[in-house]
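Input: a single structure, listed below in structure tokens.
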Amino acid sequence: MTTKQITATNVNEQIKQLYQTAFPEDEQIPWEDLVRLIGEMHLDFTAYYEGEEFIGFTIVFPHEPFNWYWYFAVLPELRGQGKGQEILTTLIEKYRGKILVLDMESPKQESDNITQRKRRYEFYLRNGFRDTNLYRKYDVTEMTIMIIGEGTFTMKDWDDITNELRKFWRWD
């Protein structure tokens, strides 16, 4: 697997299409805003390839002391083939010794995609993430906050990291 850093000048339509189809619209930063934020926030936007074939991408907001793991998507036709595992392993290795934080749709909230939420939650647990038992609600969607790395994570930490994003982009 190879990686390529994505910038505002080399982002392509295939990445945009995966972004817009892999996440619910209410969980997306509008595409134009996301492209602007790549440079302004120095996002770690990485595309993953098998040879020349695009597999997926990750977006991390590197921010001390917590690196906020925003988005992770694999092409639908490649899901369930271990590609997501390879990407996550690469990402965890890249941030070894640092703390990664993510928020995901809660597997405890009743929803139409409860099976998918539970599978995703178990995937992160198997890969060393732990549940912080902290939750945030966006509209009607409850998000579970997970962490990998030493230490603890509090709602104040969450507020600090989201307030950093608010300096660049406001969602309310």
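Miscellaneous remarks
- Taking a ≥ b ≥ c as the square roots of the eigenvalues of the Cα gyration tensor, an a/c ratio below 1.5 marks the chain as rounded.
- Global geometry of the range 1-43, whether rounded, prolate or oblate, following the gyration tensor of its Cα atoms and the 1.5 cut on a/c: oblate
- Modelled FRET efficiency - R0 45 Å, GLU64 with SER111, Cβ distances, 0.05 increments: 0.85
- Measuring r between the beta carbons of ARG119 and THR154 and using R0 = 25 Å, the FRET efficiency lands at 0.35.
- Loop-located GluC sites (Glu not before Pro) in the range 123-172 (DSSP state other than H, G, I, E, B) with a sparse environment of at most 12 neighbouring Cβ atoms within 10 Å: GLU150.
- Tensor-based shape of the range 48-111 (alpha-carbon gyration tensor, a/c under 1.5 rounded, otherwise prolate or oblate): oblate
- Non-local Lys pairs in the range 1-160, i.e. 8 or more apart or on different chains, that have alpha carbons under 17 Å apart: 7
- Normalised per residue, the accessible area of the range 1-113 is 50 Å², obtained with a 1.4 Å probe and no contribution from ligands, DNA or RNA.
- Derived scalar couplings between HN and Hα for the range 88-104 equal 4, 4, 4, 5, 4, 5, 4, 9, 3, x, 10, 9, 10, 10, 9, 10, 9 Hz in order, rounded to whole Hz, by the Karplus curve 6.51 cos²θ - 1.76 cosθ + 1.60 (θ = phi - 60°), x for Gly and Pro.
- Label-point separation, GLU50 to LYS167 (7 Å along Cα→Cβ), nm: 4.0 nm
- Between the amide H of GLU142 and those of SER106, distances stay under 5 Å, these residues lying 5 or more places away or on another chain, with hydrogens modeled in the peptide plane.
- Over the chain, DSSP H runs of length four or greater, each weighted -39,500 (n - 2.57), average out per residue to a 222 nm ellipticity of -10000 deg cm²/dmol.
- Here the range 32-72 has 53 percent of its accessible surface on carbon and sulfur atoms, given a 1.4 Å probe and all protein chains in place.
- Modelled spin labels at ASP33 and LYS4, positioned 7 Å past Cα toward Cβ, are 2.7 nm from each other.
- The peptide list 68-74, 123-129, put in order of mean Cβ contacts within 10 Å with the highest first, becomes 68-74, 123-129.
The values are calculated or read from the model by the stated rules, or taken from the named source; none is laboratory data. The structure presented is a predicted model; accordingly, all values stated were derived computationally and were not measured. Cβ atoms come from the backbone with ideal geometry, glycine included; neighbour counts cover every protein chain shown. SASA here: full protein model, heavy atoms, side chains in, ligands and nucleic acids out. Shrake-Rupley method; radii C 1.70, N 1.55, O 1.52, S 1.80 Å.
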